[in-house]
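First the structure, in the form of structure tokens, and then the observations on it.
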Amino acid sequence: MLPPVVLLHGFTQTRQSWRRTANELAGRYRAITPDLPGHGQSARRTASFDACTAYIRALAPATPFTLAGYSMGGRIALTAAFQLPIDHLVLVGAGPGIADDEERVQRRRRDDQLADRIERIGVEAFAKEWAEQPLFAHQPERVRNAAYADRLRNTSHGLANALRGLGTGVMPPLWDRLDQLTVPVTLITGERDEKFRALAEAMRQRLPNATHITIPNTGHAAQLEDPAKVAQAIYQSGSPSSSTSA
């Protein structure tokens with residue numbers, strides 16, 4: 001039987017965002033791609049980090065498995081990694097939270113305001129706004145179109161609740177706990193994603209067993225732009241090394 005890998009999508013996405021990566025992993029892993037709380041078919045699930053950990057525990061096998069997550073899904077995966085029987089953690093464009101208390105309070109306030117706006121303007125208008133962020137600049141047109149279609153699988157109420165319960169401002173920072181995570185960790189970032197490349201390097205220095213892989217010619221959502229290279233990075237060993245390019 002193939003080893004399992006649980007793939008957690010980002011904010012505004014659904015399980016469908018991992019489809020091409022999961023296809024690339026076929027033959028090596030059995031991919032499990034849930035809709036996270038507030039998204040897709042799980043729009044009405046409770047959106048909190050504890051609830052997500054319980055949800056993953058219910059979906060995943062009892063034996064050790066690989067847990068991977070992108071952006072919001074990466075924050076969830078990192079939080080859950082301290083409690084679940086995983087043997088490999090993969091974080092794509094994700095960080096361990098905001099260490100500064102005041103900055104975290106300010107971020108939570110902004111996220112709450114954005115959640116109110118999502119409910120006010122509706123998912124279609126918000127999906128267009130979200131796509132215009134600098135994080136997603138230079139995405140190929142096919143990627144932009146697919147990402148927009150995926151966002152429309154959500155509801156404004158579900159996304160607002162996810163932002164209130166799973167936003168960066170809500171997440172307890174995990175910087176001081178990274179040295180406790182002894183399983184292999186693969187940190188994946190896009191070449192154009194300077195912010196998260198820097199975060200990944202800072203995390204790599206604190207994690208006992210981490211590798212940082214940069215995916216050439218991609219931005220924040222590397223798994224959408226080059227699913228084959230991200231799949232390759234997922235099944236690579238999580239042994240410690242300096243930054244590399246896939």
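Just so you know, all these numbers are worked out from the coordinates, no wet-lab data involved. Computed from a prediction, not measured in an experiment: that's the story for all the values here. Backbone-built Cβ (ideal geometry, glycine too); neighbour counts: all protein chains shown.
Table for the structure above
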read-out: Restricting region 70-134 to trypsin sites (Lys or Arg not before Pro) in coil, as DSSP defines it, with at most 14 other Cβ within 10 Å; value: none
read-out: Long-range tail of P(r) for region 145-205 (Cα pairs > 14 Å, %); value: 73
read-out: Prolate/oblate/rounded label for region 121-178 (Cα gyration tensor, a/c 1.5); value: oblate
read-out: Packing-based exposure ordering (other Cβ within 10 Å, fewest first) of VAL90, VAL105, VAL5; value: VAL105, VAL5, VAL90
read-out: Which of TRP175, TRP18, TRP130 has the fewest Cβ neighbours within 10 Å, and the rest in rising order; value: TRP175, TRP130, TRP18
read-out: Cα gyration tensor shape of region 80-124, rounded if a/c is under 1.5, else prolate or oblate by comparing a/b with b/c; value: oblate
read-out: For the chain, convex hull of alpha carbons as volume per residue, Å³; value: 108
